[in-house]
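The values are calculated or read from the model by the stated rules, or taken from the named source; none is laboratory data. Note that the structure is a prediction, hence the values are computed from the model and not measured. For neighbour counting, all protein chains shown are included, and Cβ atoms are generated from backbone atoms with ideal geometry for every residue, glycine included.
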């Protein structure tokens with residue numbers, strides 16, 4: 001019998017977090033699971049509200065962080081608590097704006113592990129407009145490719161800051177239309193969300209880590225970034241340590257996307273500035289890591 005722990009990072013968007021928790025409680029046929037919620041420095045009382053709501057539910061633990069630790073450190077806080085208190089066979093780290101509707105979600109994880117002994121497993125993540133976010137496309141882990149990406153992110157930040165990003169976006173769309181190419185299809189190559197795939201990068205909104213992975217690393221996520229590039233750092237580990245990453249479309253989860261950033265950012269411009277800044281910072285740290293080897 002396998003032991004499962006869900007880790008959910010909460011930041012202010014309480015309705016999304018409650019829906020996520022309830023989806024786990026209502027669709028877990030196995031009783032051998034727990035939920036760890038980390039309030040990531042919301043400082044608006046919503047963390048304590050969640051804690052009060054589930055105070056009599058032994059399945060749910062709520063941790064309160066006084067500061068916003070970012071995605072990686074916030075999740076690491078919850079994962080470390082889960083390992084210390086529940087000794088899980090699997091850590092299921094999901095965004096607070098995701099929903100589970102499969103009653104056999106946990107048994108399907110066990111079945112895949114019996115088949116592949118995976119280190120990390122990714123489900124079919126179904127987002128808005130029926131977009132499938134797994135298997136995840138990432139740029140190659142090469143110094144040249146990373147430098148180009150960082151340069152573009154900084155250009156995008158600057159153009160957004162001086163209110164010229166819309167012009168760049170218009171020209172880019174026009175170029176794509178004139179060339180008759182679909183950039184989305186090009187970026188995803190020939191990978192299909194309908195097929196089970198091994199040795200593939202996985203999307204960060206829903207990740208399942210096995211005990212085998214937990215034993216190999218002190219922290220589930222690389223903790224020096226605030227937000228973004230978590231998939232890139234996991235992919236770096238996959239390649240460096242020859243880890244078994246598996247995408248299995250028989251596992252499904254629904255992703256509303258960007259609940260926390262939508263909640264705190266009041267305009268599309270401020271959201272773009274936030275994304276470009278933190279993406280650039282995180283990719284720069286990944287570049288530094290590659291250069292140090």
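Would you check if there is a residue in segment 161-180 being in contact with a helix residue (DSSP H, G or I) (Cβ under 6 Å, 6 or more places away or on another chain) and modelled with pLDDT of 85 or more?
No: zero hits.
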Being surrounded by fewer than 22 Cβ atoms within 10 Å (Cβ to Cβ), at pLDDT 90 or above and out of contact with any strand residue (DSSP E or B) (no Cβ under 7 Å at 6 or more places or on another chain), is that true of even one residue in segment 245-254?
yes
Inspect all residues belonging to segment 93-111 and state whether any of them is over 19 Å from residue 4 (Cβ atoms) and buried (at least 16 other Cβ atoms within 10 Å of the Cβ).
yes
If you check 135, 140, which single one turns out to be exposed (fewer than 15 other Cβ atoms within 10 Å of the Cβ), under 20 Å from the mean Cα position of the chain (by Cα) and over 11 Å from residue 254 (Cα atoms)?
140
Close pairs from segment 49-66: first free of Cβ contacts under 8 Å to residues at least 24 places away in the same chain, partner surrounded by 17 or more Cβ atoms within 10 Å (Cβ to Cβ) and assigned to a strand (DSSP E or B), Cβ under 7 Å, at least 6 apart:
51/62
Test set (1) outside any strand (DSSP E or B); (2) touching a strand residue (DSSP E or B) at 6+ places or on another chain (Cβ under 7 Å) - residue 57 fails condition number
(2)
Tell me which of these residue 32 doesn't satisfy, since it passes every other one: (1) at pLDDT below 95; (2) under 17 Å from residue 211 (Cβ atoms); (3) crowded, with 20+ Cβ neighbours inside 10 Å.
(3)
How many residues does segment 70-89 contain that are in contact with a helix residue (DSSP H, G or I) (Cβ under 9 Å, 6 or more places away or on another chain), surrounded by 24 or more Cβ atoms within 10 Å (Cβ to Cβ) and under 13 Å from residue 4 (Cα atoms)?
1
